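Below: the structure, in C-alpha cells.
The values are calculated or read from the model by the stated rules, or taken from the named source; none is laboratory data. Nothing here was measured: the structure is a model prediction, and the numbers come from that model. Virtual Cβ from ideal backbone geometry, glycine too; neighbours counted across all protein chains shown. Calculation scope for accessible area: heavy atoms of the full protein, side chains included, ligands and nucleic acids excluded. Shrake-Rupley method; radii C 1.70, N 1.55, O 1.52, S 1.80 Å.
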Amino acid sequence: MTLVVSRLRRSFGDRVAVDDLSLRIDDGERYGLLGPNGAGKTTAISMICGLLRPDAGRIMVGDREVTTDAVEARREIGFVPQEIAVYGDLTAAENLRLFGRLHGSRGAELDRRVAETLELLGLAGRAHDRAETFSGGMQRRLNIGIGLLHRPSLLVLDEPTVGVDPQSRNAILDAVERLAADGMSLLYTTHYMEEAERLCDRVGILDEGVMIAEGSRRELVAELGQLDRLRLSLDRPVDEEVIRSAPGVADAVFDGVNGEVSVDDARHRLTALLAAIADQGAAVRSVEVIEPDLEAVFLHLTGRALRDGGA
Amino acid sequence: MTALFVVAFADLRRFVRSRSVLVFAVLAPLAIMGAFAATIGSAFGSIGVPDLVVVEQDGDPLLGPLVDGLRDEGFEVLTVVDDPDLARTLVEDGTHDAALLRAPDAASDEIELLVLGNTDSSAELSVGVAEVLARRAAAAIATAQALDALDAPAGTTLPASSFVVVEEQAPARVLLDETYFAVGTAGFFLCMAAVSVAATMHEDRANGTLGRLLMAPVGRELPVLAKAVACGVVVALAFTTLHLGSVVFLGADWGPIAGVALLGGALVITAVGQAMAITTVAVSQHAAGAIGTALNTAWAVFGGVFLVIPRTGFLNTLSRFSPFRWLLDGVGVNAGVGFGAEVVVHAGGVASFGLVAAAVAASRRREVRAG
C-alpha cells in the first residue's frame, strides 16, 4: 500500500507543528520519521491516520484520500500510538477481539488472528489476564498487537519502544521486522537512531515541523561527507605510509600497535586493508568499524544532538 | 450498528468489573432510601399527614366506617364532629388542615365525600394526603358494601351504591413518605451515576483508547453513542433494581407498572442526556464530576428530593425546572390515581430535560488527537 503525503501543514494557534511536509512510502517499504521530541512527528502521523484534520495538504493511502474518505482509508492502516492505549480492565484477548470486531473480523477468522497476534508478540500465555496486570513491556506489545491484528497494508508506529526494557524492546523490534518481511509497509517514528537504522529502508528527519533531510542512511551520510573509521589493534607496529596508500584510505594514524584509519566505505575496503597489514608481517588482534550514523547527520543539520529535544 | 454495540458491550463489561458503578447506582441509593425511610421518613409523615376533621352525623352509615377505616390506617390526628359548619370553621381558621364531609347536594343514589382543604399553602400537602386517604377509605367502603349486598336478605334497604370523593382546593396527587424518598433518591443517584459512567469518556481520551477507537473504520460519533448506550443500560438496570428494592424492602408504592416503566424510561433519557451533555462540555473527568454534582444537587434541592417543596409560590414554580419534581409528581399520580394521560404528561416533563441536554451534547463535537 502506497502512502503519499503532499504539502501537509498544521498549526496550533501561532505555533506551526507541521509545515509543508511531503513524503512517499512505497508498497512494502519501511520508512522512519526521525526527530527530537516536539519535532511534529506525532502531529504528522495523527493527520496521516485521519485523527487530526490538516490545515492544508493531501494524504493518499492507496487510492483513498484520508481527509475525505477517512473510514475506508483507516481499513488499510494499523496505528500504534505512542502511549499505551489498551483497556486495562479487559484481558489481552478481549482487547484484541474488541478492536478486531471494529475492523470487521468475526468468528473463526477473528479467533485465528487473535491467537496469531498473541503468539507473535509472546503474549499467548497471558491471553486471559487483564492488561492492567501486565508489565510495561507486555502492555507495549499488546499495544502493537491491537494495531496489527487486522493485517493492515500500512502499519504506523509512533515511538513504540519509549520506556521499554531492553528485552521487551528487542521483542518489539523483532516482531516489527517479521511484519515488514511479510510485505507490510511501515511508517515508524522514533528518536532512537539505532532503531531507525535497524528497521528502516529510508528515513526522513523532521525538525520543528519541517522535513530537513530524507533518504537512505547511506545517502544521508554521504551528503554529510564524513568517512568511515577503522579502529585497529595489531600485534606489531606497521608503516603508516603503506597503510595510507591502500585503496580508499584517506588517512591513517598509529600509536605503536594501535591506530585509526579513515576510509571511504570501510566494509568494502576492509579486505584490501587487512592484506596490506599482513604484507608487513603484522597480524590484526581486533578491528572495529565505525560508520557515521544518523545522529551525526542530525547534529550536522541542526547543530544539536537528536536526543536533546526541546525543538 | 454492530460496532456501536460491540463498544457499548465492552464498556458495560468494564463497568461490571470495576464494581464502582454497582455501588454508586444501586447499593448507595438503596442504603440511603432505607436511611430516609427509617429517619427522615417518619418526620415527613408528621408533616404530610393532615390534621383532619371528619363530620359524622348521627346515623350516618358511611362516615362512621370511614372514620374507623382511617384510624385503622394509623391516622391518629383526627377530630370527629357532627356539624358541617363547625368543620368548615375549623378548617378556615387554620386549626385543621382539611375536613371530610358529605357534599350537601349529592344525588340520591350516590354519596359525595367532600375534601375541604385549608387555603394556607403550608397545608396543601396535608390536604392532598387527606384526599388520598379518603379515596382509599372510600374504595374500601364501596367494596364492603358490595360484599354486604351479596349477603343481604331480600327487601333490605341498602346504602347508596356509589361513593364519590370530591376535591376542593388541594391537589390529591401526593406521595406518602417511603415512596417519596425512594423515588427522589433513585432519580438523584441515577443521574449522578450516569455522569460518572459517561465521564469515563475523558479517561478513554486521556489513556488513548478513544483515539484508538477513532482509528477503526467507524464513524466519529461511535464512541459517544456507544457511551450513551452503555450509560442507558446501566441506568435502566439500576432503576429497575431500585424500584423493586424499594417496593420489597421499604414498602414503597410506585403505582401501576406501565406508569413506572414510562417514567423510568423518561428518567433514563434524562439521566443519559444530561450526562452526555456534561461530558461533552467538561474538559476533564474531574470537571464533569463537579458539574454533574452541582447540577444534580441543585435539581434535587429545588425539585424536592430532600425537602418537600410547598405547592404554591416561587419555590413551587422553581421546582418545575427540575426533572425530579416531574418524576415525583408523576409517580404520585401513578400511585394515587393510576396510569393515564397525566402520567404520560409527567413522563414527558421528565424526558424533556434529557432531550434538551442531548441536543447540547449533539452540538458539541471535539477533535480527537492520537496523542
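So the values come out like this:
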{"item": "nm² value of the averaged projected area, convex hull over the Cα atoms of the stretch B:210-316", "result": "9.5"}
{"item": "Separation of alpha-carbon centers, the stretch A:170-249 and the stretch A:48-101, rounded to whole Å", "result": "30"}
{"item": "Relative contact order for chain A, counting Cα pairs under 8 Å that sit 6 or more residues apart, in percent", "result": "21"}
{"item": "Backbone HN-Hα couplings from phi across the stretch A:6-14 [Karplus 6.51/-1.76/1.60, Hz, Gly and Pro as x]", "result": "10, 6, 7, 9, 8, 10, 10, x, 8"}
{"item": "Long-range HN-HN contacts of A:Val18 with modeled amide H, under 5 Å", "result": "A:Arg10"}
{"item": "Per-peptide average of other Cβ atoms within 10 Å, ordering A:75-81, A:274-280, A:149-155 highest first", "result": "A:75-81, A:149-155, A:274-280"}
{"item": "Heavy-atom SASA rank of B:Phe249, B:Phe239, B:Phe306 (probe 1.4 Å, accessible area, largest first)", "result": "B:Phe249, B:Phe306, B:Phe239"}
{"item": "Net charge of Cβ neighbours under 14 Å - reference A:Gly183; Lys, Arg +1; Asp, Glu -1", "result": "-4"}
{"item": "Two-site label geometry, A:Val289 and B:Leu355: point separation in nm, points 7 Å out along Cα→Cβ", "result": "7.6"}
{"item": "The stretch A:180-311, dipole about Cα centre (Lys/Arg Cβ +1, Asp/Glu Cβ -1), debye to the nearest 20", "result": "200"}
{"item": "For the stretch A:1-98, the Rg and Dmax computed from alpha carbons only, in angstrom", "result": "14.8, 44"}
